[in-house]
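Worksheet: the structure to be examined is printed underneath.
The values are calculated or read from the model by the stated rules, or taken from the named source; none is laboratory data. Just so it is clear, the model here is predicted, and its values are computed rather than measured. Neighbour counts run over all protein chains shown; Cβ positions are idealised from the backbone, glycine included. For accessibility, only protein heavy atoms count, side chains too; no ligands or nucleic acids. Shrake-Rupley method; radii C 1.70, N 1.55, O 1.52, S 1.80 Å.
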Amino acid sequence: MKILVTGGAGFIGANFLNHLVPKHPEHTFVNLDKLTYAANLASLEPVAKADNYRLAVIDLVDFDGVDRAFAEHEPELVIHFAAESHVDRSISGPRAFIKSNIEGTFNLLEACRKHWEPGQGLFHHVSTDEVYGSLGDEGMFVETTRYDPSSPYSASKAASDHLVRAYARTFGLRTRITNCSNNYGPLQFPEKLIPLMVLNALEGKPLPVYGEGLNVRDWLYVIDHCEAIWKVVHEGEDGQTYNIGGNNEVRNIDVVKEICAVVAEQTGKSRGELEGLITYVKDRPGHDLRYAIDATKLRTELHWEPTETFSTGLRKTIRWYLDHPTWVQQVRTGEYRKWIEKNYDNRG
Ligand code: NAD
Ligand code: TDX
(Lines give C-alpha, C1' and ligand atoms only; values in the text may rest on other atoms or scores of the structure.)
(Ligands and ions follow the chains in the order given, each with its own letter.)
Protein backbone atom coordinates (compact mmCIF):
# COMPACT_ATOMS: atom_id res chain seq x y z
CA MET A 1 0.00 0.00 0.00
CA LYS A 2 1.10 3.60 -0.64
CA ILE A 3 0.86 5.60 2.58
CA LEU A 4 1.16 9.38 2.79
CA VAL A 5 2.35 10.41 6.26
CA THR A 6 2.17 14.18 6.86
CA GLY A 7 4.46 15.76 9.45
CA GLY A 8 6.79 12.77 9.41
CA ALA A 9 9.82 14.90 10.32
CA GLY A 10 8.28 16.00 13.63
CA PHE A 11 8.41 14.21 16.97
CA ILE A 12 5.58 11.68 16.68
CA GLY A 13 5.78 11.34 12.88
CA ALA A 14 9.51 10.50 12.95
CA ASN A 15 9.00 7.94 15.73
CA PHE A 16 6.14 6.46 13.69
CA LEU A 17 8.26 6.19 10.51
CA ASN A 18 11.37 4.86 12.29
CA HIS A 19 9.22 2.25 14.01
CA LEU A 20 7.07 1.12 11.06
CA VAL A 21 9.04 1.62 7.81
CA PRO A 22 11.54 -1.21 8.56
CA LYS A 23 8.74 -3.51 9.77
CA HIS A 24 6.63 -3.09 6.62
CA PRO A 25 8.65 -3.37 3.41
CA GLU A 26 5.37 -4.24 1.64
CA HIS A 27 4.20 -0.61 2.10
CA THR A 28 5.70 2.60 0.71
CA PHE A 29 5.72 5.53 3.14
CA VAL A 30 5.83 9.06 1.69
CA ASN A 31 6.63 11.75 4.25
CA LEU A 32 5.01 15.07 3.29
CA ASP A 33 6.47 17.77 5.50
CA LYS A 34 7.05 21.53 5.28
CA LEU A 35 10.11 21.19 7.55
CA THR A 36 9.23 23.90 10.08
CA TYR A 37 11.41 24.70 13.11
CA ALA A 38 9.91 21.57 14.78
CA ALA A 39 11.02 19.23 11.99
CA ASN A 40 14.38 17.51 11.95
CA LEU A 41 15.64 15.32 9.12
CA ALA A 42 18.38 14.00 11.43
CA SER A 43 15.56 12.29 13.36
CA LEU A 44 14.82 10.20 10.25
CA GLU A 45 18.37 8.94 9.77
CA PRO A 46 17.31 5.29 10.44
CA VAL A 47 14.90 5.28 7.43
CA ALA A 48 16.27 7.98 5.13
CA LYS A 49 17.83 5.46 2.74
CA ALA A 50 15.14 2.76 2.97
CA ASP A 51 13.69 1.62 -0.39
CA ASN A 52 10.13 2.03 0.93
CA TYR A 53 10.60 5.62 2.21
CA ARG A 54 10.32 8.93 0.29
CA LEU A 55 10.40 12.58 1.39
CA ALA A 56 8.25 15.32 -0.22
CA VAL A 57 8.98 18.80 1.13
CA ILE A 58 5.62 20.56 0.78
CA ASP A 59 3.60 23.08 2.81
CA LEU A 60 0.03 21.85 3.32
CA VAL A 61 -1.14 25.44 2.96
CA ASP A 62 -0.06 25.26 -0.71
CA PHE A 63 -2.90 23.30 -2.34
CA ASP A 64 -1.08 22.94 -5.67
CA GLY A 65 1.84 21.28 -3.90
CA VAL A 66 -0.46 18.86 -2.08
CA ASP A 67 -2.32 18.15 -5.32
CA ARG A 68 0.98 17.38 -7.13
CA ALA A 69 2.04 15.04 -4.30
CA PHE A 70 -1.21 13.10 -4.67
CA ALA A 71 -0.78 12.89 -8.46
CA GLU A 72 2.83 11.72 -8.13
CA HIS A 73 2.55 9.28 -5.20
CA GLU A 74 -1.10 8.11 -5.54
CA PRO A 75 -1.57 7.41 -1.81
CA GLU A 76 -4.29 5.00 -0.71
CA LEU A 77 -3.95 5.90 2.96
CA VAL A 78 -3.22 9.29 4.54
CA ILE A 79 -2.04 9.51 8.16
CA HIS A 80 -2.20 13.18 9.06
CA PHE A 81 0.25 14.18 11.81
CA ALA A 82 1.37 17.58 10.45
CA ALA A 83 0.42 20.52 12.64
CA GLU A 84 1.79 23.41 14.62
CA SER A 85 1.79 21.67 18.00
CA HIS A 86 3.09 23.90 20.81
CA VAL A 87 0.41 25.56 22.98
CA ASP A 88 2.67 28.43 24.17
CA ARG A 89 3.55 29.33 20.57
CA SER A 90 -0.18 29.40 19.73
CA ILE A 91 -0.58 32.05 22.43
CA SER A 92 2.29 34.26 21.24
CA GLY A 93 1.58 33.72 17.51
CA PRO A 94 -1.71 31.99 16.64
CA ARG A 95 -1.77 32.69 12.88
CA ALA A 96 0.48 29.79 11.86
CA PHE A 97 -1.84 27.44 13.79
CA ILE A 98 -4.91 28.61 11.90
CA LYS A 99 -3.06 28.31 8.59
CA SER A 100 -1.37 24.92 9.03
CA ASN A 101 -3.86 23.13 11.27
CA ILE A 102 -7.14 24.31 9.74
CA GLU A 103 -6.31 25.36 6.17
CA GLY A 104 -3.66 22.64 5.88
CA THR A 105 -6.12 19.92 6.93
CA PHE A 106 -8.73 21.40 4.59
CA ASN A 107 -6.30 21.24 1.63
CA LEU A 108 -5.46 17.63 2.42
CA LEU A 109 -9.16 16.71 2.60
CA GLU A 110 -9.76 18.53 -0.69
CA ALA A 111 -6.94 16.54 -2.32
CA CYS A 112 -8.49 13.29 -1.04
CA ARG A 113 -11.88 14.34 -2.46
CA LYS A 114 -10.30 15.21 -5.81
CA HIS A 115 -8.13 12.11 -6.18
CA TRP A 116 -10.30 9.41 -4.55
CA GLU A 117 -13.73 8.15 -5.61
CA PRO A 118 -16.18 7.95 -2.66
CA GLY A 119 -15.37 4.78 -0.73
CA GLN A 120 -11.76 4.74 -1.96
CA GLY A 121 -8.77 5.59 0.26
CA LEU A 122 -8.68 6.19 4.01
CA PHE A 123 -7.92 9.42 5.89
CA HIS A 124 -6.61 8.98 9.42
CA HIS A 125 -6.55 12.19 11.45
CA VAL A 126 -4.16 12.42 14.42
CA SER A 127 -5.67 14.70 17.05
CA THR A 128 -5.41 15.60 20.70
CA ASP A 129 -7.34 15.33 23.96
CA GLU A 130 -6.98 19.12 24.27
CA VAL A 131 -10.06 19.57 22.03
CA TYR A 132 -12.19 18.52 25.05
CA GLY A 133 -10.94 21.42 27.21
CA SER A 134 -10.15 21.09 30.90
CA LEU A 135 -11.32 18.61 33.53
CA GLY A 136 -11.76 19.44 37.21
CA ASP A 137 -10.57 17.02 39.87
CA GLU A 138 -12.95 14.26 38.75
CA GLY A 139 -13.92 12.49 35.51
CA MET A 140 -12.25 11.49 32.24
CA PHE A 141 -12.62 12.38 28.58
CA VAL A 142 -14.63 9.87 26.54
CA GLU A 143 -15.17 9.98 22.77
CA THR A 144 -18.52 11.77 23.21
CA THR A 145 -17.24 14.50 25.56
CA ARG A 146 -18.32 17.94 24.26
CA TYR A 147 -15.58 19.93 22.50
CA ASP A 148 -14.49 22.94 24.60
CA PRO A 149 -10.96 23.98 23.51
CA SER A 150 -9.06 26.60 25.53
CA SER A 151 -6.01 27.64 23.46
CA PRO A 152 -5.65 28.73 19.83
CA TYR A 153 -3.79 25.42 19.32
CA SER A 154 -6.60 23.26 20.67
CA ALA A 155 -9.25 25.37 18.90
CA SER A 156 -7.40 24.85 15.60
CA LYS A 157 -7.21 21.08 16.23
CA ALA A 158 -10.93 21.04 17.14
CA ALA A 159 -11.72 22.84 13.86
CA SER A 160 -9.66 20.30 11.93
CA ASP A 161 -11.50 17.40 13.64
CA HIS A 162 -14.83 18.98 12.65
CA LEU A 163 -13.68 19.34 9.04
CA VAL A 164 -12.70 15.66 8.92
CA ARG A 165 -16.15 14.59 10.22
CA ALA A 166 -17.86 16.97 7.79
CA TYR A 167 -16.00 15.44 4.82
CA ALA A 168 -17.06 11.96 5.95
CA ARG A 169 -20.73 12.92 6.26
CA THR A 170 -20.97 15.21 3.25
CA PHE A 171 -18.65 13.62 0.70
CA GLY A 172 -18.50 10.01 1.91
CA LEU A 173 -14.76 10.23 2.62
CA ARG A 174 -13.56 7.25 4.68
CA THR A 175 -12.09 8.78 7.85
CA ARG A 176 -11.00 7.85 11.35
CA ILE A 177 -9.87 10.15 14.17
CA THR A 178 -7.71 9.47 17.23
CA ASN A 179 -7.50 11.91 20.15
CA CYS A 180 -4.41 11.24 22.23
CA SER A 181 -3.06 12.54 25.52
CA ASN A 182 0.44 14.04 26.06
CA ASN A 183 3.24 12.09 24.38
CA TYR A 184 6.86 11.88 25.49
CA GLY A 185 9.88 9.94 24.25
CA PRO A 186 12.95 10.25 22.02
CA LEU A 187 13.16 12.97 19.33
CA GLN A 188 10.81 15.44 21.06
CA PHE A 189 11.68 19.08 20.43
CA PRO A 190 12.90 20.55 23.74
CA GLU A 191 10.25 23.27 23.94
CA LYS A 192 7.85 20.66 25.43
CA LEU A 193 7.82 20.03 29.21
CA ILE A 194 9.74 16.73 29.48
CA PRO A 195 12.71 17.30 27.12
CA LEU A 196 13.01 20.94 28.24
CA MET A 197 13.30 19.87 31.88
CA VAL A 198 15.68 16.99 31.10
CA LEU A 199 18.10 19.18 29.14
CA ASN A 200 17.93 22.07 31.63
CA ALA A 201 18.56 19.64 34.51
CA LEU A 202 21.58 18.18 32.69
CA GLU A 203 22.99 21.70 32.24
CA GLY A 204 22.15 22.97 35.74
CA LYS A 205 19.68 25.56 34.37
CA PRO A 206 16.42 26.64 36.09
CA LEU A 207 13.45 24.25 35.73
CA PRO A 208 10.55 26.64 34.96
CA VAL A 209 7.27 25.26 36.34
CA TYR A 210 4.17 27.23 35.30
CA GLY A 211 1.91 28.44 38.12
CA GLU A 212 2.01 26.10 41.10
CA GLY A 213 2.79 22.97 39.06
CA LEU A 214 -0.53 21.40 40.01
CA ASN A 215 -1.85 20.90 36.45
CA VAL A 216 -2.25 17.24 35.54
CA ARG A 217 -1.38 15.60 32.21
CA ASP A 218 -1.94 11.96 31.18
CA TRP A 219 1.43 10.82 29.76
CA LEU A 220 1.83 8.23 27.00
CA TYR A 221 5.09 6.89 25.57
CA VAL A 222 5.26 7.89 21.90
CA ILE A 223 5.66 4.35 20.50
CA ASP A 224 2.50 3.26 22.33
CA HIS A 225 0.70 6.11 20.53
CA CYS A 226 2.16 5.03 17.16
CA GLU A 227 1.07 1.41 17.72
CA ALA A 228 -2.45 2.59 18.60
CA ILE A 229 -2.69 4.62 15.38
CA TRP A 230 -1.47 1.63 13.32
CA LYS A 231 -4.12 -0.55 14.97
CA VAL A 232 -6.92 1.93 14.33
CA VAL A 233 -5.85 2.29 10.69
CA HIS A 234 -5.92 -1.49 10.19
CA GLU A 235 -8.62 -2.70 12.54
CA GLY A 236 -10.77 0.34 13.35
CA GLU A 237 -14.09 1.34 11.86
CA ASP A 238 -14.75 4.13 9.39
CA GLY A 239 -16.29 7.29 10.83
CA GLN A 240 -15.19 6.38 14.36
CA THR A 241 -13.21 8.31 16.95
CA TYR A 242 -10.86 6.55 19.38
CA ASN A 243 -9.34 8.13 22.49
CA ILE A 244 -5.75 7.09 23.25
CA GLY A 245 -4.20 7.45 26.70
CA GLY A 246 -1.96 5.59 29.10
CA ASN A 247 -3.76 5.99 32.44
CA ASN A 248 -0.70 7.87 33.67
CA GLU A 249 -2.03 11.01 35.30
CA VAL A 250 0.80 13.00 36.88
CA ARG A 251 0.93 16.57 38.27
CA ASN A 252 3.55 18.71 36.49
CA ILE A 253 5.54 19.26 39.69
CA ASP A 254 5.73 15.48 40.18
CA VAL A 255 6.86 15.00 36.56
CA VAL A 256 9.69 17.48 37.17
CA LYS A 257 10.69 15.86 40.49
CA GLU A 258 10.69 12.42 38.83
CA ILE A 259 12.92 13.82 36.05
CA CYS A 260 15.33 15.11 38.73
CA ALA A 261 15.37 11.65 40.34
CA VAL A 262 16.06 9.81 37.07
CA VAL A 263 18.68 12.33 35.87
CA ALA A 264 20.40 11.93 39.24
CA GLU A 265 20.22 8.13 38.94
CA GLN A 266 21.65 8.14 35.39
CA THR A 267 24.36 10.80 35.82
CA GLY A 268 25.41 10.65 39.46
CA LYS A 269 24.33 14.30 39.99
CA SER A 270 22.73 15.20 43.32
CA ARG A 271 18.94 14.82 43.27
CA GLY A 272 18.57 17.54 45.92
CA GLU A 273 20.65 20.00 43.89
CA LEU A 274 18.61 19.23 40.77
CA GLU A 275 15.34 19.81 42.66
CA GLY A 276 16.83 23.09 43.86
CA LEU A 277 16.70 24.26 40.22
CA ILE A 278 12.86 24.16 40.24
CA THR A 279 11.59 27.71 39.70
CA TYR A 280 7.90 28.64 39.76
CA VAL A 281 7.14 31.08 36.92
CA LYS A 282 4.11 32.99 35.59
CA ASP A 283 1.32 30.65 34.55
CA ARG A 284 0.22 29.97 30.96
CA PRO A 285 -2.94 31.99 30.13
CA GLY A 286 -5.98 29.71 29.78
CA HIS A 287 -3.95 26.84 31.27
CA ASP A 288 -6.10 23.67 31.32
CA LEU A 289 -6.04 22.15 34.82
CA ARG A 290 -6.33 18.46 34.07
CA TYR A 291 -6.49 16.00 31.17
CA ALA A 292 -7.39 12.33 31.65
CA ILE A 293 -8.29 9.96 28.86
CA ASP A 294 -10.67 7.04 29.08
CA ALA A 295 -9.31 4.67 26.41
CA THR A 296 -11.80 1.86 27.14
CA LYS A 297 -13.12 1.84 23.55
CA LEU A 298 -9.65 1.26 22.08
CA ARG A 299 -8.77 -1.32 24.72
CA THR A 300 -11.97 -3.35 24.45
CA GLU A 301 -12.77 -3.06 20.73
CA LEU A 302 -9.23 -3.21 19.31
CA HIS A 303 -7.38 -4.84 22.22
CA TRP A 304 -4.69 -2.13 22.36
CA GLU A 305 -2.59 -1.90 25.52
CA PRO A 306 0.32 0.46 26.19
CA THR A 307 3.64 -1.28 26.82
CA GLU A 308 5.42 1.39 28.87
CA THR A 309 4.59 2.74 32.31
CA PHE A 310 5.58 6.34 33.06
CA SER A 311 8.52 5.03 35.04
CA THR A 312 9.95 2.76 32.28
CA GLY A 313 9.19 5.24 29.49
CA LEU A 314 10.79 8.17 31.32
CA ARG A 315 13.98 6.17 31.98
CA LYS A 316 14.21 5.24 28.26
CA THR A 317 13.58 8.84 27.25
CA ILE A 318 16.22 10.36 29.54
CA ARG A 319 18.72 7.68 28.47
CA TRP A 320 18.02 8.61 24.83
CA TYR A 321 18.74 12.33 25.44
CA LEU A 322 21.95 11.43 27.29
CA ASP A 323 23.06 9.18 24.42
CA HIS A 324 22.31 11.70 21.62
CA PRO A 325 24.25 14.91 22.38
CA THR A 326 24.72 15.68 18.68
CA TRP A 327 20.98 15.61 18.01
CA VAL A 328 20.44 17.86 21.02
CA GLN A 329 23.13 20.33 19.96
CA GLN A 330 21.67 20.49 16.46
CA VAL A 331 18.11 21.35 17.53
CA ARG A 332 19.18 23.99 20.02
CA THR A 333 20.03 26.46 17.27
CA GLY A 334 19.58 30.24 17.14
CA GLU A 335 15.85 29.81 16.49
CA TYR A 336 15.50 27.64 19.59
CA ARG A 337 17.41 30.11 21.76
CA LYS A 338 15.20 32.97 20.50
CA TRP A 339 12.08 31.00 21.55
CA ILE A 340 13.48 30.25 25.01
CA GLU A 341 14.31 33.94 25.56
CA LYS A 342 10.90 35.06 24.33
CA ASN A 343 8.91 32.54 26.37
CA TYR A 344 10.82 32.58 29.65
CA ASP A 345 12.66 35.92 30.04
CA ASN A 346 9.74 37.91 31.45
CA ARG A 347 8.10 35.05 33.28
CA GLY A 348 10.01 35.06 36.54
P1 NAD B 1 5.76 18.45 16.03
O2 NAD B 1 5.55 19.91 16.22
O3 NAD B 1 6.93 17.80 16.67
O4 NAD B 1 5.87 18.12 14.46
C5 NAD B 1 4.96 18.64 13.54
C6 NAD B 1 5.45 18.35 12.13
O7 NAD B 1 4.48 18.88 11.20
C8 NAD B 1 6.80 19.01 11.79
O9 NAD B 1 7.63 18.11 11.12
C10 NAD B 1 6.40 20.17 10.87
O11 NAD B 1 7.40 20.52 9.93
C12 NAD B 1 5.16 19.62 10.19
N13 NAD B 1 4.28 20.71 9.72
C14 NAD B 1 3.76 21.73 10.46
N15 NAD B 1 3.04 22.54 9.65
C16 NAD B 1 3.07 22.00 8.40
C17 NAD B 1 2.51 22.38 7.15
N18 NAD B 1 1.81 23.51 7.01
N19 NAD B 1 2.72 21.59 6.09
C20 NAD B 1 3.46 20.43 6.20
N21 NAD B 1 4.04 20.04 7.35
C22 NAD B 1 3.85 20.83 8.44
O23 NAD B 1 4.39 17.77 16.48
P24 NAD B 1 4.14 16.35 17.19
O25 NAD B 1 4.26 16.54 18.64
O26 NAD B 1 4.92 15.32 16.47
O27 NAD B 1 2.58 16.16 16.88
C28 NAD B 1 2.14 15.50 15.70
C29 NAD B 1 0.62 15.48 15.70
O30 NAD B 1 0.13 14.81 16.84
C31 NAD B 1 -0.03 16.87 15.72
O32 NAD B 1 -1.14 16.85 14.87
C33 NAD B 1 -0.45 17.05 17.17
O34 NAD B 1 -1.58 17.91 17.25
C35 NAD B 1 -0.81 15.63 17.54
N36 NAD B 1 -0.68 15.30 18.97
C37 NAD B 1 0.49 15.56 19.63
C38 NAD B 1 0.62 15.21 20.97
C39 NAD B 1 1.90 15.47 21.73
O40 NAD B 1 1.92 15.27 22.94
N41 NAD B 1 2.98 15.89 21.08
C42 NAD B 1 -0.44 14.60 21.62
C43 NAD B 1 -1.64 14.36 20.92
C44 NAD B 1 -1.73 14.70 19.58
O1 TDX C 1 8.30 25.19 30.62
C2 TDX C 1 7.21 24.63 30.85
N3 TDX C 1 6.72 24.58 32.12
C4 TDX C 1 5.53 24.02 32.45
O5 TDX C 1 5.14 24.02 33.63
C6 TDX C 1 6.43 24.01 29.80
C7 TDX C 1 6.92 24.02 28.38
C8 TDX C 1 5.24 23.43 30.16
N9 TDX C 1 4.78 23.44 31.43
C10 TDX C 1 3.48 22.79 31.74
C11 TDX C 1 2.32 23.21 30.87
C12 TDX C 1 1.47 21.94 30.81
O13 TDX C 1 0.60 21.89 31.92
O14 TDX C 1 3.66 21.40 31.51
C15 TDX C 1 2.49 20.81 30.92
C16 TDX C 1 2.87 20.20 29.58
O17 TDX C 1 3.19 21.27 28.71
P18 TDX C 1 3.56 21.03 27.17
O19 TDX C 1 4.71 20.09 27.09
O20 TDX C 1 3.68 22.37 26.53
O21 TDX C 1 2.29 20.22 26.65
P22 TDX C 1 0.72 20.56 26.62
O23 TDX C 1 0.49 22.02 26.67
O24 TDX C 1 0.05 19.73 27.68
O25 TDX C 1 0.33 20.01 25.15
C26 TDX C 1 0.91 18.78 24.66
O27 TDX C 1 0.02 17.70 24.78
C28 TDX C 1 -1.07 17.66 23.92
C29 TDX C 1 1.38 18.91 23.22
O30 TDX C 1 2.25 20.02 23.10
C31 TDX C 1 0.22 19.05 22.28
O32 TDX C 1 0.66 19.08 20.93
C33 TDX C 1 -0.68 17.86 22.47
O34 TDX C 1 -1.81 17.98 21.68
- Based on what the data block shows, is ASP33 within 22 Å of CYS226 (Cβ to Cβ) and of a type in the set (Asp, Glu)? yes
- Message: If I filter segment 162-172 for residues that are hydroxyl-bearing (Ser, Thr, Tyr) and either outside the structural domain of THR145 (by TED's automatic domain parsing) or within 16 Å of ligand 1 (Cβ to nearest atom) (or both), do I get at least one hit?
- Response: no
- Query: How many residues are open to solvent by 30 Å² or more (accessible area, probe 1.4 Å) and within 14 Å of ligand 2 (Cβ to nearest atom) if we restrict to segment 71-86?
  - Reply: 2
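Considering only segment 322-348, state which residues are outside any helix (DSSP H, G or I) and either among the charged types (D, E, K, R) or exposed (fewer than 10 other Cβ atoms within 10 Å of the Cβ) (or both).
Passing the criteria: ARG332, ASP345, ASN346, ARG347.
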- Task: Consider THR144 carefully, then state whether it is in a loop (DSSP other than H, G, I, E, B), open to solvent by 40 Å² or more (accessible area, probe 1.4 Å) and more than 16 Å from ligand 1 (Cβ to nearest atom).
- Result: yes
- Tell me which residues, restricted to segment 213-226, are within 10 Å of ligand 2 (Cβ to nearest atom) and either at negative phi or assigned to a helix (DSSP H, G or I) (or both). LEU214, ASN215, VAL216, ARG217, ASP218, TRP219, LEU220
- Query: If you scan segment 102-135, which residues turn out to be open to solvent by 20 Å² or more (accessible area, probe 1.4 Å) and more than 21 Å from VAL232 (Cα to Cα)?
  - Reply: ILE102, GLU103, PHE106, GLU110, ARG113, LYS114, HIS115, GLU117, SER134, LEU135
- Search segment 258-310 for residues being open to solvent by 20 Å² or more (accessible area, probe 1.4 Å) and of a type in the set (Ser, Thr, Tyr), and hand back the single one that is farthest from GLY213 (Cα to Cα). THR300
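Let's see how each residue does on (1) out of contact with any Leu (no Cβ under 8 Å at 6 or more places or on another chain); (2) more than 9 Å from ligand 2 (Cβ to nearest atom):
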| site | (1), (2) |
| --- | --- |
| TYR167 | no, yes |
| ILE177 | yes, yes |
| PRO195 | yes, no |
| GLY204 | no, yes |
- Task: May I ask you to list pairs of residues, at least six apart or on different chains, whose Cβ atoms are under 6 Å apart, with the first in segment 105-129 being among the β-branched types (Val, Ile, Thr) and the second being outside any strand (DSSP E or B)?
- Result: THR105/SER160; THR105/LEU163; VAL126/PHE81; THR128/LYS157
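Let's see how each residue does on (1) in a loop (DSSP other than H, G, I, E, B); (2) among the acidic types (Asp, Glu); (3) in the same structural domain as TYR153 (by TED's automatic domain parsing); (4) open to solvent by 30 Å² or more (accessible area, probe 1.4 Å):
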residue	(1), (2), (3), (4)
ALA42	no, no, yes, yes
VAL47	yes, no, yes, no
LEU55	no, no, yes, yes
LEU60	yes, no, yes, no
ALA69	no, no, yes, no
ASP88	no, yes, yes, no
ILE91	no, no, yes, yes
- Message: Given the criteria under 20 Å from CYS226 (Cβ atoms), open to solvent by less than 20 Å² (accessible area, probe 1.4 Å) and assigned to a strand (DSSP E or B), does ASN15 qualify?
- Response: no
